[in-house]
Amino acid sequence: MKKRIGLMALAAVALTLLLSTTVWAYDGSPGVHDPGTGMTVDQTGTGTTGDPMTQPGTHDPEHMFADAAGHWYEGYAENMAQHGFMNGYTNGEFGGEDSLTRAQFAAVLCRMLGVDPEAGAPFEDTVGHWAEGHIGAMAQLGIINGHDDDTFGPQEPITRAQMATMMDRALDYMGRGLTDDERAALMEQVGQHLDDVAGHWAEGHIAHMYERGITMGDDAGHFRPDEHTNRAQASAMLWRFFEGELQ
């Protein structure tokens, strides 16, 4: 009997140690937990429970995103993720070279502005889309518009001009817009630095974002307004927008 009691006591001690080890093994790493996006992590990678482009990934002790380590956009990507605006994939990568869609941009900007999603959106191609509420909120505030056929094109890659336009309209919403005269003067000034925006439909929006230091051109003086924006470029522009206008 004494022997049996002794064995039971040893088993209890072993179980206690095991439970203690399990508890303390969790170190609170932000890379393996949703940092506040309000979305369920989709482990399948299909995006059925949320935006597949904004799911948190696994944690690297030295770098939040393994594929961004040492790249020019690493700091921007990490800042966006740490604030819960834009995260990486479940494999621990940020995907800087991947395109950013119009829906994804609308969702990120909606989070940054602290705007609650709406119940729906006024576009026939966003019904049931994971970002429908974010798109609806941005449309209601006049920050985004649809196409002439009443569609939004949520899965279309967003262009640099479209990004500049949405951020400029966000400033209008916050009461920091420009008068027509101010915008015209800016367009003339920026035309001396960017040689491919004159006459573009988004020229005035690009000029304002350039003047605010949010958008930039290349060394040759090109803005390339109609080129698609990848996630690395978007993280940089959006973080500059946050630092300069929202903090």
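What follows draws every value from the coordinates through simple rules; no lab data is involved. Please read all numbers here as calculations on a predicted model, not as lab measurements. We place every Cβ from the backbone using ideal geometry, glycine too, and count neighbours over all the protein chains shown.
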Treating only Lys and Arg (+1) and Asp and Glu (-1) as charged, each at its beta carbon, one finds that the stretch 122-247 has a dipole about its Cα centre, in Debye to the nearest 20, of 500 debye
Can you put Thr165, Thr215, Thr151 in order, fewest other beta carbons within 10 Å first?
-> Thr151, Thr165, Thr215
The stretch 88-247, relative contact order [Cα under 8 Å, separation at least 6], % | 25 percent
Additional length obtainable on full extension of the chain from Gln140 to Met216, 0.36 nm per residue less Cα span = 24.5 nm
